[in-house]
Every structure is written in C-alpha cells, then in structure tokens.
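Each remark here refers to the structure printed beneath this line.
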Amino acid sequence: MEAASVNQPVAARPSTSARARDLLSKYGLIALLAALPVAYGISDLINDGNLSRLGENIVAGLSNGAIWALVALGYTLVYGIIELINFAHGEVFMIGSFVGFSLYSTLGLTLATGPLGLVVGLLLTLIVAMVTCGTLNVMIERVAYRPLRNAPKLAPLITAVGFSFILQNVGVLWEGGSQRGIPDLIDAQKVLVTVVGVSVSRADLLAVAVTAPLVFLLTTFVSRSRLGKAMRATAQDPEAARLMGINVDTTISLTFLLGGLLAGAAGLIYALYQTQIWYFQGFTAGLIAFTAAVMGGIGNLRGAVLGGLIIGIIQQISDNRDPTGLGPELTPAIVFFYLVVIMVFRPQGLIGEETREAG
Amino acid sequence: MSRLPDFRESRWGKVLPAVVVVVAVALFPLFRPPLDGFMDDSILALAYVVMALGLNLVVGFAGLLDLGYVAFYAFGALATGWFASDLWSKIGSEKGVHVGVSEFAGSLPGVHLNFLLIVIGAVILTAIAGAIIGLPTLRLRGDYIAIVTLAFGEIIGRLAQSGDQISPGGYKFSNGRQSISPIDQIEIPFFNQFDSATDLRPYYWTVLAMVLVVLFVNIRLRDSRLGRAWIALREDEVAAASMGVPLVRTKLMAYAVGAAFGGISGAFLGAYLNSVNANQFQFGFSIFILAMVILGGLGSIWGTVIGAVLLAFVNNRLIPDVLNDVPSKVGLDFNVTELSFGIFGFVLVLMMVLRPEGILPERRRKLELTEGIGTGGDDTVIEARA
Amino acid sequence: MAALGCLFGVFALVVAACGSDSSGGGGGGGEKVSGTTLTVYSSLPFQGTSKEQSTAVLNGEKLALKQVNNKVGKYTIKFKSLDDSTAQNPGTADEGQTAQNARKAVQDKSTVFYLGEFNSGGTKVSLPILNKAGIAQVSPSNTAVGLTTDEAGADPGEPQKYYPAKTRTYARVVPKDTIQGAALATVMKEDGCKSVHIFNDKTTYGAGLARNVAGAAKKQGITVEGNDGTDKNAPNYRSLAQKVKADCFVGSGVTGENYIQVFKDVAAASPSIKLYGPDGVAEEAFTNPKKGGIPASIGQRTKITVATLGLEEFKKRNNADAEKFFADFKSTYGTSKPDPYAIYGYETMKLALDTLKAVGDKANDRKAVVSQLVGKTKGRSSVLGTYDIDKNGDTTLTDYGLYTIGGDGTPSFQKVIKAQQ
C-alpha cells in the first residue's frame, strides 16, 4: 500500500518551512518514542549495572509487539482501501482467541500431548482460527460497511461500534464475563536460550515464528500478485480502478479477508502467550493496535509492523517500571497519550505517506 | 374542519402538546410511592437526557464526532465526589470546609459545598476540560476526532480508576476501584434537605428542572448565531471558514458547552446515586449516550430527548425487569441481561442501516443521509449525480 | 416556547417544595407489617464467576426455609431472591443495582429481613438505606472490618457512616477480617515463613484484608516485603510477580478480580514460593482446573482459609445440626461436598427464622426484630457452633478452617486454625 497515497501534483515542491516542519515532527516523534527506553536504560545502568532488564523488556516487547503488528495490519489495510476505521477489528481478534482455545481443547491438546501432536494440533487450530476470523471480517464488511459506503463517515463508524458490542456479547455468552484462565499449552514462560543475559522464552519464539512468515506472505502478495495490485489501485483511486475493470467490491472484501486472517492468527498467539482470554481483551487490544497503525503511518504496511513493535516495547518498559505511585495501570494511559500526540502533531505517522484526503 | 389546520400551525398548536407533556411529567410522582422503582428509572432517564442533549450539541449541531463523552460525566461526578464527601478529609486540619450546607454535613470532615455551588463548579471544570480535549482535534477530520476523543475518555477513566494513588498533597483524585461514598444529599436553599433513602421525589423534580433549563438553553443556542455557526461548520468547514465563521472559537465553544451539560448531569448523578465509582467511566457509557442521540436523530433536540428516555428505559427496565425471565420461561438457560450490550449493538447497527436519520430527524440531516445510502457498490458510478 | 419551558422549570421547583415538606411516607423505623405474610429478601451476585458460589448460598437459604415449611408461628414467609450484579459488572455487587435492591426491600411493606450482600463493597451501599428503614440485615459472607467496628483495617468514618439511624441493624455470621488476617499469619508461621509478599485487588474486601494480614504477620514476626495492588484489567501480572522475593505469598482478592491469573503468574515467577489465599478464592471457579481455575500443579502449593469447617470436624464436635445440614443438603441437592459457603447461606436464613420465632407475634414489628437480632442473640446453638451476636453485629465465633485443593479440584478441609490474635 505504499503507493496508496499522494495525489498532489508531482511538480510542486514543498516549501522549506513545510519540509522543516515535517522533519521536526518526525524527529520529535522519534525522540519522544525513544525517551522512555533511554530513560529507563539509564536508570537500569545506574541501578543494576547492566542493560539486561532493558534487553528483556525489548525482547518481550518485540514478541508482544508482533501480535499488535498483526492486528495493526488489519486496521491499516482496511483504512488504506476505504478510509474507515474498522472498529470491530479488535473484537474479531478476540473471537480468534476464543475459537483457537475452543478448538484446541476440543482436540484434546493438553500439556501432556507430545511435541508432534502439539505442533500439528496447533497448526490446525491456527488455520481454523484464521479462516473463521477472515470470514467474520468479510461478513462484517458486507453487512455493516457496504450499504453505507456513500453515507457520511459517522454511519459506518457507528455500525462498526455496534458490531463490536455484538461480538463482545458473543464473548460473554461463550466464556462468561470474567477472565478465563486457559491451560498453558506450550509452557509459554519457559526460557529457551539466554543471550547476553537476556532470556528468550518459548512464547517469544512462537510470536515471531508465526508473525514473520505471515507478514512476509502478506507484503509479497500485495506487492507482487494481481489481486494485490488491484488492492493498491483501489486504495489509490477507487473510481479509476473501476474504470480499469477492477471489481472494487470483491477487492474490498479481499482486503477484509486478509485483515481477518491476520487477526485470527494474532488471537491464537495471544491466547497461548497470556494463558488467559477475556471478552473485553479486544477493546484494549484494538485501541493499542490502532495506535500502532497510526504511529507507523496509516495505510502503510511496513509502518503498521514497525508501529506494532515499537508500541510493544513501550508497553513492556512501562509495565516494568518500579512503581513509586502508579504501576502497570498507567500503561494504557501512556499508550493513548502517544496516540493523541501522534494524531495531533504527526498524523501521517513515522514513515507513512498521506492517504487520499490529507489529515 | 378548516379550523384544525389553523390551530396546529398557530403558536398555541405548537406549544400546547409540549405544555401538556411537561405538566404530566412533573405531576406523575404525586401518584407513585416515594421510593418507587419506576421513579428511580425515570430519574436516571432524565439525567441521561441532559447528557444526551450535551452530546447532541457536539455531534449533532457541530458535527464533531466525540466518542469520549464519558470524560465529562467523570469530571462532573468527580466534582461532586471532591466537594460533597469526606474524600479530602485532611483539609482544614481535619475539620473540613463547609459552605452552605446543613449541620449534619457541616460536622463531617472533608469539603462540603452546597449542591448549587457544586453544579457551578462542575460546569466550569467540564467546560475547561472540554476545551482542552477539543484543542488537539481542531485540525483533524471526522474519524480521527473520534479516536482522539476516545483516547481522552479512556485516559480520564483509567486515571480515575487508579485515582487513589494520585494524591498531590494528600488530596486524592478519586478513591480508585472503590467508590467515593457517602455523598451528601442534595440541599437547595429554601427546601428541606433531600433524602434518597426515604423519598425520591425531590430528586425527580430537581432533575426535571435541570432538563427544562438545559432544553431552554439548547433551543436558544440552536437558533442563535453560534448555533448557526455550528451547523455551517458541520455542513462544510471550508465554506464556513470562507464565510467568516471563526473555526477555532466555534469548535471549542461546542466542546465546552456540550461538556458542561455532561458535567451538570454527572454532578447530579453523583449525588443521587450516593457514590462516585470510577468503574463506571468506561467507553461503553460514551456509546450508550451516543446511541441515544443517534436513535433520536442527530441534531434534533426533541428526537434526542425521546431517544434518551427510550434507551434509558430499555436498559434499566425493559431488559432487566420485564424481559429478563422470558428465556427461562421458554426453557432456555440464560437471562436477557446477559445479552444487554449485544442488543444495544444490534440496535445501533439496525438504526444506521435502516433509518440513520433517527426517530425524529432534523430536516437537513434527513435529506443528507437518505440521499447517500443503500446504493453502495459498483452501480453508483452509473447513476447521474444529482 | 422556550419561555414557557422555563416557566415550567420554576413550576416544577415549586411543586418540589411542596413535595419535600410533606414527609415522604414509608420507611421510618419501627413499622409494623400488616397481614400474616412476611417477606425475606436475599441479594447475591449471580453473574460472572460468582454464579456457582451464590447459587450454593441460595440453596442453603432455601433449605433452611424448606425445613420450616415457610412458616414461623402464625406468619407465612415469602422469599425473594435478587441479583446484585449486572452483566456489565459481573462477579461482584454492582452499586446501582444493590441500591435498587435495597430500595425494593424498603418499599415492600412486608419486609422483615434482608439477607445480603455477599460482597462487603455491596453492603456499604445497601446498609445505610436499610438501616434508615430499620430493616434487619444479615450477611452470609461480609468480612470487612469497617462494617461493624473501627478496629484495624477500617477506614476513617467507619462504621458510623453506615448507620445513619444510629442503631445497629446489621449482623454477620462470619468472623471479620481481623481474625482472618490473624489466621493467615498463624498458618504461615506454622509453615515456617520468614517473609511474605501480599497482593490485594484494591476492593473494600481485598484491600482491607491485606492490611489485616500485614499487621498480623508483623505481630508474629514475619517480615512483610510488600503490599501491592493489582489491576483487574491487566492480561498478566508477570512484571509484578518478578518483584516478589519473599518465601510466602498471600493473594488477598476474589476470583472475579482476575486472581487466577495473579496466582498463576506469581507461582511461575517464584517456583518454590508458598501460596495462600483467603475466602475470596475459596470456590471451585478458582480451585478447579477443569472450570478454568488454577492448574493442578499450582493448586498443590496453595492453601486457603475459610471461616467454615469440614463435616468431619463438625462430627468430632458432636454438632448434630451440622451433620443434619450436610445430610439434608445432599438429599435435596445431590452433593456431599457443598461449596464452603452453602452452610453460611443456611445459617443466615436459620438465624433470621429463629429471630422471628423468638419474637413470636411481634415478628411483624421491624424494631422488635432488630433488637432481638442485635442484642438478644446469645448462646445460639447452630450448624456453625455455639455463638452470640455481639452489640456490633459480629459473631463471637473465631474458628477458621484451613483448606487445601484436592485432586478433584475442590477445596478440602484440613484442620482448624486457632488464630493467634
């Protein structure tokens, strides 16, 4: 979707003040983002004498961030193509967790299952979860977004919120209103290898092992395949795309499908990582993932991944602060604060280019 | 026969139905027992009407999609929590600060101000908060405003939930996960002190009076220069700016006034519910109020009133009391309350797909919405643009 | 039109003036119920993780009622069960809903007893309302100290702020948390703990109990390394768990506040730490891995304190009432291992019925019922043992039971804890 952007006439060169402002906001944002790790890195050096705590936070942050990256990709794909924030995407992710858990407990996977059985079972669960969420996302598009495509932006936003509530209720009916602990299938916290004093656990490996191939497949698909080209064209200018013979409706559905697939995968990883599922997890996850998408640059795939990883790291560092007053409860507030700052001062994000209507 | 249309068009014809309704609504508590559950729901419904009118101003009149309205409710309720309870018991060397309260409250530690003073304080506090929340959104468009306001709503909610640890100078921001309680009962000069454990009627009439005042303000604003500026802003920002509408000031005024209504209602609810609990300050509440505005008709004052009353009763009465046992009677093993937010979401989806202009739409909005809907897809290109 | 609206605003205020001068009827203390039907209300949380435990309490209450055939003397007892939780706020008492329940009971002129709440935070809301109306209230499970006394663990202003009518109308059949704190400290001392780290769920119950445990542990010579609040909404507590360096851990919270995850994370971070939980987690939703509770490996390291004793212990004490209770419960509901709180539900209702019986014909007089409950209940022989209700509404029983988690995932009684106070 990198080309999903600029319609300014190529000839006009931005003025120096505009360029200066752009650079200032970009580096200002980077500085703000780096402030947290740097500050805590320094305090770690002072307190512990080494950076291992920071290193562990970064590792855990990367794996958490991989989950956010998958969900953020869903947001960014949809926004790039129809300029709509899919409010229900967080709940699709939640449903992915629920479906994943239900399936693997139905399959009878437990801690006692051997590694081969576990891998095969989880792979199957992954595929089912992805397909379910993809289908769910497509269905939401047909029912909530397509009839309202020409309505003012408020209408599909509200419908999406309505869907998000419906899905949350499905979660409540399915597993109840309180958090549901689930068995720790992969022994998530077991340390696999310790590198330079920083331990990498099984959960970290799982997150990266699932995310990296999926992201690679997605970016290849979008940039190389015909359908991917159709997606980019539709994102750039839907009417022109239509005139060129692209079936815009199908392309949009395809985009939602891809987003849903990724959310389903993210849901399963999250369930295995946290060993806990909750009907409300999608709401917070959705906001965090959206922050990640915006941070990287909405409409920009690489940006979404980058944003996800950065947000994951910031979250981990914030969670592991020594609380002199407020502890981890402050973390979502910090993430949302970053969201506000980005949207006000640099709505195009770190590396993203502007989408159709400049913000 | 020919006189009827004249009557309906005449001044009296427009006013009389409203007058009858208001009188009926004002008098109905006299026919109910003083602690009636139905009156309890009505009081809540009227408090939500005030809030919905505030949100209607921001979203309906000015077209600024605010998804964080709960922040204003929070500030209003917290104002009551700070100034009508023993939360700040350190103040005045444990003796407390008392202004205009009865002797019972006058003997308790903490800050205790008269309810009217608290309302004024809540208005000022929320108006400032509204302006501050509105500032970052000035340059943003539609859905981005939604996200930023949502983020603010979440930030305030979470700060309130951890509020017992935020205590500059020993004065806590809130009581954290536990509630600030008990809150002083409302006292209005020249009336006896209210007592919600024995008689709900004074609360009812107070909130009804608030609704009437807020309605009055709303109607006057809508027909004023500022109101027309808001509508111009909503319809086309660029055109409005070129016609001389001061964008920044107009937008900030919308946020501030809308927020003030939320603050008034929040302050009242804090006192009525006798406790201020940070757990209520969640996104779901913002959507609840937004749904009322949408159900009634964005930008339509009377529609909003109807939408608010309807949804409040559906949420507090229809679902828990009336429908709750229906599934078990039919043999199914769940309660309808477990479906409450699903039903809610479903109503939202249904409204937007079938009748996005709401029950009692404002005329302009109806035209705008019905023109663009239902034909999404490839065939629109072929239609001639009107 | 707007001007008229304003006029009616004034009109409404005027009517309000008239309205508030005439005293709002109904609700003064000392009312007599007419007719021969008396109503007893019960308010429990049925949504979320509390559902099973509340159902057990309710079944206990209903059993006691069934045993007397719904009749006390010349009066028939009508029983109404209310839910004080909501779908949006499951697993605990919701304040708005609790207030509504209390008002419903006050408005019902035939109410003589209110059994509730289950959660201490809920009683904070309903007690002032019921106290003003003079309705007798008994809780099967509240342990927060501040509801009845101002001893250690209570907030300033407690307990007076719950008794606007200045008389005591509330009693409870479980000992308060000063005792549970001492019991936990005693168990830890017996197990050889030298230091303890406490987490609390920041609710009235959890935070108060944590304070009690910290105080009692210090008194017994155990170092308290920390007392941290946990956030219910957090997906995991790994970072908090990393900070736990003591050899023992107390998770002062209820299951519904995400305490399954808390115990899992602390157990994982400190593989050799000993785990202790209070009565807030003494339910199958927490102990049974098949129902989403803590895994068996962690369950083996956990001990729980509840103010109830097992059947064997009651047999040892020759408590025939208790044996009969277990037998009847089994024949009515089909389980020989009821939730630890079922017996409390039973005793709560039994206490109410016996109080009504003791005042005889005056059972329809709320004032008489209240003064019998708090003040004249002495030497009461019951399924829990023999106890008085003191002038504050507290029971004089102080026995706490130590429970471990059996192989089937249910809490199983080990022994009685004699709390060192």
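The values are calculated or read from the model by the stated rules, or taken from the named source; none is laboratory data. Predicted model, so just to flag it, every value in this text is computed and none were measured. For neighbour counting, all protein chains shown are included, and Cβ atoms are generated from backbone atoms with ideal geometry for every residue, glycine included. Note: areas computed on protein heavy atoms with side chains; ligands, DNA, RNA excluded. Shrake-Rupley method; radii C 1.70, N 1.55, O 1.52, S 1.80 Å.
Carbon-plus-sulfur fraction of the accessible area of region C:153-220, 1.4 Å probe, in percent?
On region C:153-220, the fraction of accessible area on carbon and sulfur atoms equals 55 percent.
Amide H to amide H under 5 Å from C:Thr111: which residues, 5+ apart in sequence or cross-chain, H placed 1.01 Å off N in plane?
The list, which skips near neighbours in sequence, is C:Thr39.
Out of C:Tyr237, C:Tyr341, C:Tyr162, any idea which swings most in a Gaussian network model of chain C, alpha carbons joined below 10 Å?
Result for chain C, Cα springs under 10 Å: C:Tyr237 fluctuates most.
Could you tell me which of rounded, prolate or oblate describes region A:183-309, using a ≥ b ≥ c as the square roots of the eigenvalues of the alpha-carbon gyration tensor, with rounded for a/c under 1.5 and, failing that, prolate when a/b is larger than b/c and oblate otherwise?
prolate
At a Förster radius of 51 Å, what calculated FRET efficiency corresponds to the Cβ-Cβ distance of C:Ser195 and B:Arg32, to the nearest 0.05?
Here the calculated transfer efficiency is 0.30.
With +1 assigned to the C-beta of every Lys and Arg and -1 to the C-beta of every Asp and Glu, and no other charges, what is the dipole magnitude of chain A about the Cα centre in debye, to the nearest 20?
Once rounded to the nearest 20, the dipole reads 880 debye.
Round to a whole number: what % of the accessible area of region B:37-282 belongs to carbon and sulfur, probe 1.4 Å?
64 percent
So for chain A, averaging the separation of alpha carbon pairs under 8 Å that are six or more residues apart and normalising by length, what relative contact order in percent results?
Averaging sequence separation for qualifying contacts and normalising by length gives 35 percent for chain A.
Over chain C, what is the mean sequence separation of C-alpha contacts under 8 Å (at least six apart), divided by residue count, expressed as relative contact order in percent?
With pairs under 8 Å counted, the relative contact order is 19 percent.
Per-residue HN-Hα couplings for region A:63-74, Karplus 6.51 cos²θ - 1.76 cosθ + 1.60 at θ = phi - 60°, whole Hz, x for Gly and Pro?
6, 4, x, 4, 4, 5, 4, 4, 5, 5, 4, x
Only Lys, Arg, Asp and Glu count, each charged at its Cβ (+1, +1, -1, -1), so figure out the dipole size of the protein assembly as shown about its Cα centre, rounded to 20 debye.
580 debye
Tell me what the protein assembly as shown gives for mean residue ellipticity at 222 nm when only DSSP H runs of n ≥ 4 count, each as -39,500 (n - 2.57), the sum divided by the residue total, rounded to 500 deg cm²/dmol.
Helices in the protein assembly as shown give a 222 nm mean residue ellipticity of -18000 deg cm²/dmol.
Put +1 on the Cβ of each Lys and Arg and -1 on the Cβ of each Asp and Glu in chain C; which of C:Phe46, C:Ser382, C:Ser141 then has its Cα farthest toward the positive end of the dipole?
Result: C:Ser382, furthest along the dipole toward the positive end.
For region C:40-162, give the share of DSSP beta bridges that are antiparallel, in percent and rounded to the nearest 5; count only bridges with both residues there.
20 percent
For region B:161-167, in order, what is each residue's ³J(HN,Hα) by Karplus, 6.51 cos²θ - 1.76 cosθ + 1.60 with θ = phi - 60°, in whole Hz (x at glycine and Pro)?
6, 9, x, 6, 9, 9, 9
Under the definition of Cα pairs under 8 Å and six or more residues apart, what whole-number percent is the relative contact order of region B:37-282?
Computed value for region B:37-282: 38 percent relative contact order.
Taking the Cα centre of each part, how many Å lie between region A:41-57 and region B:203-251?
Their Cα centres are 54 Å away from one another.
Put +1 on the Cβ of each Lys and Arg and -1 on the Cβ of each Asp and Glu in region A:35-345; which of A:Asn47, A:Phe165, A:Thr251 then has its Cα farthest toward the positive end of the dipole?
Of the listed residues, the answer is A:Thr251.
Taking amide H positions as placed 1.01 Å from N in the peptide plane, with prolines and chain starts having none, which residues 5 or more places from C:Ser382, or on another chain, fall under 5 Å of its amide H?
Distant-sequence amide H within range of C:Ser382: C:Tyr387.
For C:Lys161, go through the aspartates and glutamates and keep the ones whose alpha-carbon is under 16 Å away, minus same-chain ones fewer than eight residues off.
Of all the aspartates and glutamates, those that pass the test against C:Lys161 - Cα under 16 Å, at least 8 places apart if same chain - are B:Asp86, B:Glu103, B:Asp184, B:Asp195, C:Asp150, C:Glu151.
Amide H to amide H, which residues 5 or more places from B:Val111 or on other chains are under 5 Å from it, using H placed in the peptide plane?
Residues meeting the criterion, in which the H sits 1.01 Å from N, are B:Ser85, B:Leu87, B:Trp88, B:Val97.
For the charge dipole of the protein assembly as shown, defined by +1 on Lys and Arg C-beta atoms and -1 on Asp and Glu C-beta atoms about the Cα centroid, which residue among A:Ser97, C:Val57, B:Val97 has the Cα displaced farthest towards the positive pole?
My answer, from the dipole projection, is B:Val97.
Filter C:Lys218/C:Lys303; C:Lys218/C:Lys324; C:Lys219/C:Lys303; C:Lys62/C:Lys202; B:Lys172/C:Lys391; C:Lys78/C:Lys337 down to the pairs with a C-alpha to C-alpha distance above 30 Å, please.
Violating the 30 Å limit, Cα to Cα: C:Lys218/C:Lys324; C:Lys62/C:Lys202; B:Lys172/C:Lys391.
From the square roots a ≥ b ≥ c of the eigenvalues of the alpha-carbon gyration tensor of region B:37-282, which class results: rounded (a/c under 1.5), prolate (a/b over b/c), or oblate?
It is prolate, given that a/c is not under 1.5 and a/b is the larger ratio.
What quantity of accessible surface, computed with a 1.4 Å probe and excluding non-protein components, is buried in total between chains C and B, in Å² to the nearest 100?
Chains C and B together bury roughly 3900 Å² of accessible area.
Just to be sure I understand: of the beta bridges DSSP finds with both ends in the protein assembly as shown, what percent are antiparallel, rounded to 5?
Of all bridge pairs located within the protein assembly as shown, approximately 40 percent are antiparallel.
Quick one, can you get me the convex hull of the C-alpha atoms of region A:87-221 expressed as volume per residue in Å³?
166 Å³
Mind giving me the FRET efficiency for A:Val193 and C:Asp388? R0 is 51 Å, r the Cβ-Cβ distance, nearest 0.05 is fine.
After rounding to 0.05, the efficiency reads 0.20.
Which shape class applies to region A:35-345: rounded if a/c is under 1.5, otherwise prolate when a/b exceeds b/c and oblate if not, where a ≥ b ≥ c are the square roots of the Cα gyration tensor eigenvalues?
Prolate, because a/c is 1.5 or more and a/b exceeds b/c.
Among B:Val21, B:Val213, B:Val248, which one shows the biggest mean-square fluctuation in a GNM of chain B, springs joining Cα atoms closer than 10 Å?
Taking springs between Cα atoms under 10 Å, the residue moving most is B:Val21.
Considering only C:Lys316, C:Lys166, C:Lys350, give the residue with the highest GNM mean-square fluctuation for chain C, with springs between Cα atoms whenever their separation is below 10 Å.
In this elastic network of chain C, the residue with the biggest mean-square fluctuation among C:Lys316, C:Lys166, C:Lys350 is C:Lys316.
Express the carbon and sulfur contribution to the solvent-accessible surface of chain A as a percent, rounded to the nearest whole number, probe 1.4 angstrom.
Of all accessible area on chain A, carbon and sulfur atoms account for 67 percent.
How high is the FRET efficiency between A:Glu239 and B:Leu350 when r is their beta carbon distance and R₀ equals 30 Å, given to the nearest 0.05?
E between A:Glu239 and B:Leu350, to the nearest 0.05, is 0.50.
Given points 7 Å out from each Cα along the Cα-Cβ axis, report the A:Thr135 to C:Gln420 separation in nanometres with one decimal.
6.4 nm
Under a plain spin-label model, where a point goes 7 Å from the Cα along Cα-to-Cβ, how far apart in nm are A:Ala209 and C:Glu52?
Going from the A:Ala209 label point to the C:Glu52 one covers 3.3 nm.
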